[in-house]
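The values are calculated or read from the model by the stated rules, or taken from the named source; none is laboratory data. Given the structure is predicted, the values throughout are model-derived calculations rather than measurements. All Cβ positions, glycine included, derive from the backbone under ideal geometry; neighbour counts span all protein chains shown. Keep in mind that these areas ignore ligands, DNA and RNA; they rest on the heavy atoms of the full protein, side chains included. Shrake-Rupley method; radii C 1.70, N 1.55, O 1.52, S 1.80 Å.
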Amino acid sequence: MIAVIDYDAGNIKSVQKALEFLGERALVTRSAGEILAADRVILPGVGCFGDAMEKLENYGLVPVIREAVGRKIPFLGICLGLQLLFEESEESPGVKGLGLLEGKIVRIPKAEGLKIPQIGWNCLEYPSEGRLFKDVPEGSYVYFVHSYYLQAKKKEIVKATVQYGVTVEASVEQENIFACQFHPEKSSDVGLRILKNFLAV
């Protein structure tokens, strides 16, 4: 069973549907018992960093997430779910993230001809080999919706990047933690392959 953490984020149902399409039982839940009993855990999300952290705190999910990661349950953050795994974000100054990974979230800088947020498809580059991208060729396109991007402290955890005025760190892996800034559940066959790879770790 895959636990999809419910904290009133925007893209939870689409993640659940993608997993069910792949033949998995996906339970949308904020129950500590169900999350900790799951084979894998997914933290989806779209929205504001500060609001999301407040909801995770209010629902008592922060210690549950830490425990799930500590138990080495494979854990996937998607979009805002990636950002929340890190220490802080320029979107919400003074708000601490989960701090499970080292780094910060910063705003995509303005540049001529560049629309912010980035909404649409972009092609992946691989600075190092990642388990999520097995049988996903470099140059594959995935779907983004975001105004902020990751600057990871340890560059060796960055497994995929895209170019959008700057180098956007699009996916990270560290031990049992995986995360994507893009939306695999909205990235057609490529995204389904990435989700399948997560289900296989």
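Per 0.36 nm of contour for each residue apart, how much would the distance between residue 121 and residue 39 grow if the chain were fully extended, relative to their Cα-Cα spacing? Please list the in-between numbers first.
On the way: separation 82, 0.36 × 82 = 29.52 nm, distance 3.04 nm.
That pair, residue 121 and residue 39, stretches by 26.5 nm at full extension.
Taken one residue at a time, the phi angles of the stretch 100-113 give Karplus couplings (6.51, -1.76, 1.60, θ = phi - 60°) of 6, 10, 8, x, 9, 10, 10, 6, 4, x, 5, 8, 4, x Hz. Gly and Pro are set to x. Per-residue extension of 0.36 nm, minus the Cα-Cα distance of residue 138 and residue 25, leaves a gain of 37.7 nm for this segment. A quarter of the convex hull surface defined by the alpha-carbon atoms of the chain gives 9.9 nm² as the mean projection. At 222 nm, what helix-only mean residue ellipticity would the chain give, in deg cm²/dmol to the nearest 500, using -39500 (n - 2.57) for each DSSP H run of four or more? Using -39500 (n - 2.57) per qualifying helix, the result is -7500 deg cm²/dmol.
Computed from backbone phi, the HN-Hα couplings of the stretch 29-39 come to 7, 10, 7, 4, x, 5, 5, 6, 8, 6, 6 Hz, rounded to whole numbers (Karplus: 6.51 cos²θ - 1.76 cosθ + 1.60, θ = phi - 60°; Gly and Pro given as x). Rounded to the nearest 20 debye, the dipole magnitude of the chain is 140 debye, with +1 charges on Lys and Arg beta carbons, -1 on Asp and Glu beta carbons, and the Cα centre as origin.
What ranking of 91, 138 comes out by heavy-atom accessible area, probe 1.4 Å, highest first? Don't skip to the end; give the middle numbers.
Values: 91 55, 138 115 Å².
From most exposed to least exposed: 138, 91.
Relative to its Kirkwood radius, the Cα radius of gyration of the stretch 61-107 gives an Rg/Rh of 0.98. Extension gain for residue 14 to residue 166 (0.36 nm times residue separation, less C-alpha to C-alpha distance): 51.9 nm. Computed from phi, the 3J(HN,Hα) profile of the stretch 150-165 under the Karplus parametrisation 6.51, -1.76, 1.60 (θ = phi - 60°) reads 7, 10, 6, 5, 9, 5, 5, 7, 7, 10, 8, 9, 9, 9, 8, x Hz, with x in place of Gly and Pro. Hey, any idea what % of the chain's accessible area is carbon plus sulfur with a 1.4 Å probe? C and S atoms contribute 49 percent here.
For residue 72, a cut-off of 30 angstrom between C-alpha atoms picks up these lysines, skipping any fewer than 8 places away in its own chain: 13, 17, 55, 96, 104, 134, 153, 154, 155, 159, 186, 196. In this view, the solvent-accessible surface of residue 193, computed with a 1.4 Å probe and all protein chains in place, comes to about 80 Å².
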